[in-house]
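Asks: If you scroll down you'll find the structure; I have some questions about it.
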Amino acid sequence: MNNDTFGQGADVFEPDPERPLLDERFDAFLRKHKDDFYRTAVARLVDPYDADEALSDACLVMYQRWEKIQAHPKPVVLARYILKCKIQDFHRARARRAGREEVFAHPPEIHYLQEMGEQDLLSRALEALREISPQQADCWEMYKVLGKEYSEIAEELDITIGAAKTAASRGQAKLRMLLTLESETKDS
């Protein structure tokens, strides 16, 4: 059977016969790291549904580039980079849709709005820290949000354990300063 549809390549409705539907090594990799990826997405996007959507998009790209990820000396670092890019894409898409979205049919509960406000302050402070010192932001997020050990952070970011501890500690101090500045500007 010829899969060539009008001379434009393989038929999109039938799988490519040379490539299996799912690579077992990719499946094992994703099962091992999916929870960390999801926590990272939730920490950056706040809404679990948005995080799930961004992670799904990232997993598709990871699967498409699986050979490159496997060949990388630190495959998790490359996969995390793909996830970060997809989270940025999600923020950009949300900004483009902002003018066309409709208002809630039922307003959310007040405690949810308060939690979102606190999370928004932290998110803005963390993004500011990312611009100032990306390594400190990554170390702080991995330690405080994802609950990773310093040795895991050091291995993933290819730094020493002492550097991971220092970066997380300095990141914490800068976040406190940024949150204080943010609340002062909000109050005035």
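The values are calculated or read from the model by the stated rules, or taken from the named source; none is laboratory data. As the structure is a prediction and not an experimental result, all values here were calculated from the model. Here the Cβ is made from the backbone with ideal geometry for all residues, glycine too, and neighbour counts use every protein chain on show. Note: accessible area is taken over every heavy atom of the protein model, side chains too, but ligands, DNA and RNA are not part of it. Shrake-Rupley method; radii C 1.70, N 1.55, O 1.52, S 1.80 Å.
Asks: Step through the residues of region 165-174 one at a time and calculate ³J(HN,Hα) from phi using the Karplus curve (6.51 cos²θ - 1.76 cosθ + 1.60, θ = phi - 60°), rounding each to whole Hz and writing x for Gly and Pro.
Replies: 5, 4, 5, 5, 5, 5, x, 4, 5, 5
Asks: Sorted by average packing, counted as other Cβ atoms within 10 angstrom per residue and highest first, what order do 81-90, 154-163 take? Write down the numbers at each step before the final one.
Replies: Details: 81-90: 17.6, 154-163: 15.0.
So the peptides 81-90, 154-163, ranked by packing, come out 81-90, 154-163.
Asks: Within the accessible area of region 131-188, what % is carbon and sulfur when the probe is 1.4 Å and the other protein chains stay in place?
Replies: Solvent-exposed carbon and sulfur of region 131-188 make up 49 percent of the total.
Asks: Also, quick follow-up: If you average 1/r over all unlike Cα pairs in region 132-188 and invert the result, what Kirkwood radius do you get in angstrom?
Replies: Values: mean 1/r = 0.0856 Å⁻¹.
Computed over Cα pairs of region 132-188, the Kirkwood hydrodynamic radius comes out at 11.7 Å.
Asks: Under 16 Å from the Cα of Lys165, which lysines turn up, not counting those fewer than eight places away in the same chain?
Replies: Output for Lys165: Lys144, Lys148, Lys174.
Asks: So how much slack lies between Lys165 and Val46, counting 0.36 nm per residue of separation and subtracting their Cα-Cα distance, in nm? Numbers along the way, then the final one.
Replies: On the way: separation 119, 0.36 × 119 = 42.84 nm, distance 2.56 nm.
Separation in residues times 0.36 nm, less the Cα-Cα distance, equals 40.3 nm.
Asks: Follow-up question, since we're still on this one. What distance in nm separates the two pseudo spin-label positions at Met177 and Ala93, each 7 Å out from Cα along the beta-carbon direction?
Replies: Going by the 7 Å Cα→Cβ label model, 3.7 nm.
Asks: Quick one: accessible area per residue over region 115-188, 1.4 Å probe, rounded to a whole number of Å²?
Replies: Numbers: 4420 Å² over 74 residues.
Computed with neighbouring chains in place, this is 60 Å² per residue.
Asks: To continue, here is another question. Net charge around Ser151, counting only other residues with Cβ within less than 13 Å of its Cβ (Lys, Arg = +1; Asp, Glu = -1)?
Replies: Details: positive: Lys148, Lys165; negative: Glu149, Glu152, Glu155, Glu156, Asp158.
Computed value for this residue: -3.
Asks: OK, next. For Arg31, what charge total do you get from the other residues with a beta carbon under 14 Å from its beta carbon, if Lys and Arg give +1 and Asp and Glu give -1? Working shown, then result.
Replies: Details: positive: Arg25, Lys32, Lys34; negative: Asp23, Glu24, Asp27, Asp35, Asp36.
With Lys, Arg at +1 and Asp, Glu at -1, the net is -2.
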